Every structure is written in C-alpha cells, then in structure tokens.
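Asker: Sharing a structure below in structure tokens format, with a few things to ask.
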Amino acid sequence: METPRTRSGRKRRRRLRPFRTLFALLVVLAIAVGLYSVWQYNQGRDLATGDKPDSGPFSGDPIDPQYPYIENYLLLGIDDAESGKSRSDTMILASLDKENNQVKLVSFMRDIYADIPGYQSYKLNTAYYLGGVQLAKDTISGMFGVPIHHYAVTDFDNFEKLIDIAAPDGVRIDVEKPMSEKIGVTLTQGTHDLNGKELLGYARFRADSEGDFGRVERQQKVIAALKDEVLSPATLPRLPKLAGAATGYVETDVGGMDGLRKVLKAAVSGGMEIDRMTIPVEGTYSFGSYSHAGSVIELDVSANREAISEFLGTPEAMKGASARLMP
C-alpha cells in the first residue's frame, strides 16, 4: 500500500533526475575539455623540440612573504647570433600581481651604460652576452634594486613561430609610418593584421628620429596587442597548443603543465590590466660615448631606481604611479 511518504520520495527522485543528468554531462564535458587541452598541449610541444636558446643557469630571488601574490619575470628577446653568443635586444621586467589581476611592464633601453658585475661597464644588452640570463638578472637587480623571481628567453625566430600559433590570422597593429629598413619586411602605414615575421619587424624598427626610444614604445604596444589577442574568446582553444609550443620555443624556469595552468587562468579571468614605463624616465639621462662600448645612455641611477620602486612598489604605492610614469 502506497503511503504519502513513498509518493513524496518518488516525486523528489523525479525532480532530482534532471539535475543528476546535468551534473553527469558537466563531468563528462570537464573530462573532455581536459583531455583536449592535454592533446593540444602535446601537439604544440611536438612542434618545438630542441629549438629554444640555452641561457645558462638561473637563480631567482625569493618571493617577498609580505606580498606572496607578486612575481617579477625578466623577459628577454635575444638576437640570432651566428657565433652562438647573443645579446638581449629586448629587456622587460613584467611584474604580475595575481591578487589584483594586473601586470606592470618596465622596459629597459638596451644602450643603458650599465654596471655589470665582474666586468667593466658596458651597454646593458651586453650582460646577457657575457654571462647569460643570470648576469642579465644580476645587472638589472643590482642597478635598480628590483627583485627578479623568474625569467623567460626566446629568440627572434621562435618569437615569429609563437605568434603564428597564437594568432594565425595575424595581430592587429596600427603601423604609424612606412617601415622597411633592416627589419626584413616592408610595412605600409595603416592598420594591418601582422603575422609573426611582420610583427617582429615592427617591434624592432628604429630607423627614425626616435631610435631606440621609439622601438621600446612599439615593443610595449606589441605586448598590449598580444594581450588582447591571447585573452580573446576566439583564442582560448589555441592556448594549450601555444603553451605546449612555448616549452620548446621559450627557455624559462616556469613551464610544463604549471605554465599551462597559469596561461589558462589568466585567459579565463579576463580583464587583465597592463601598466607600462620605460627606463630611463624623462629628464634622468644623457648620451655619452666610450671606445669600448660605443654610444651609450648614461643614467641618473638613483632617480630611475626611485621611479621603478614607486611604479612597482607596494599595492598602496602603485595607486596613481602609472599615470605619472607611463610614457
């Protein structure tokens, strides 16, 4: 004989059945997405075997326990020297604030006359040539008083390949003037979707009155455009493949599946803000020349060190700093 309790139990099971089905589908979907991501990651990794540069050993600074959510990365783009000894054409400190989903970029001019530990002073880009990523890190940390926890190095050829994986239809850039001299491509003025080779050429152009200052500004512009491209919904399915390729094209102390998780987390969170500055800051440098180093930029090191400290600083000090220091 059916009781009110048994009737109520049957009704409750019928109500729960659609939710159980939905839960099962979500579990299956999560597994499928995970397997697809791993497959894409392995595909990207197989594309890039044995191609990344060898920058020597690296020992990063410890994370500040007061701000465990802030990690600083030294990003180096090196030239393709036939001798096997490269200089760092691009030097950027990327400070990642994981708590506030914010990135701050500090670009260093390659002609800065730098105090290189164990050597006489040379241009800043010579530190990598003399002692790999560790000496580049020690030089920048020593001069500017900023901790560096991790690093990533890639060369020009690998940069092109990564861009073509991340953005097979190109990266949209407003090219401000015709460009062709010494960059391997010809670019016309206007808005274009640039492939890897063209984007690298745009970032390296300096054959105008702005010289290296203009080039650094374009490098920051390229990073901002890449951020928008990588974080766009259309790019999400390609991120595991990009992370896999990066294990072969980029030398870093952060990689593998840990690197993939960081890429995916940044992408799905969206809205990541990027603030930028260039060293030297305005009014803190002059030009000089030395027989062993050529034409250089001589800094007021103390003023630039203070500017970086304020720009990166603590979360409280960051407020309003980017507006004053951004070029």
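Asker: For the pair Asp212 and Asp174, how long in nm is the line joining their label points, each one 7 Å along Cα→Cβ?
Answerer: 2.8
Asker: With respect to the cross-link table entries Lys85/Lys241; Lys197/Lys227; Lys137/Lys182, which display a Cα-Cα separation exceeding 23 Å? Can you show the working numbers first?
Answerer: Numbers: Lys85/Lys241 30 Å; Lys197/Lys227 18 Å; Lys137/Lys182 29 Å.
In this structure, Lys85/Lys241; Lys137/Lys182 exceed 23 Å between Cα atoms.
Asker: If the chain between Lys227 and Ser289 were fully stretched, how many nm would it gain, using 0.36 nm times the residue separation less the Cα-Cα distance?
Answerer: 18.6 nm
Asker: Checking the cross-link filter: which aspartates and glutamates have an alpha carbon closer than 19 Å to that of Lys177, excluding same-chain neighbours under 8 positions apart?
Answerer: Asp193, Glu198, Asp208, Glu210, Asp212, Glu217
Asker: Now for a separate question. What's the center-to-center distance, using Cα atoms, between the range 111-129 and the range 215-238 in Å?
Answerer: 30
Asker: Using Cα-Cα distances under 8 Å and only pairs 6 or more residues apart, what relative contact order does the range 46-325 have, in percent?
Answerer: It comes to 22 percent, rounded to a whole number.
Asker: Let me ask another. For the range 46-325, give the share of DSSP beta bridges that are antiparallel, in percent and rounded to the nearest 5; count only bridges with both residues there.
Answerer: 70
Asker: Now for a separate question. Going by a ≥ b ≥ c, the root eigenvalues of the Cα gyration tensor, does the range 46-325 fall in the rounded group (a/c under 1.5), the prolate group (a/b larger than b/c) or the oblate group? Walk me through the numbers before you get to the answer.
Answerer: On the way: a/c = 1.31, a/b = 1.13, b/c = 1.16.
In terms of gyration-tensor shape, rounded.
None of the figures in this text is laboratory data; all of them are computed from the coordinates on show. Not measured: the values here are computed from a predicted model. Positions of Cβ are generated from backbone atoms using ideal geometry, with glycine treated the same way; all protein chains shown enter the neighbour counts.
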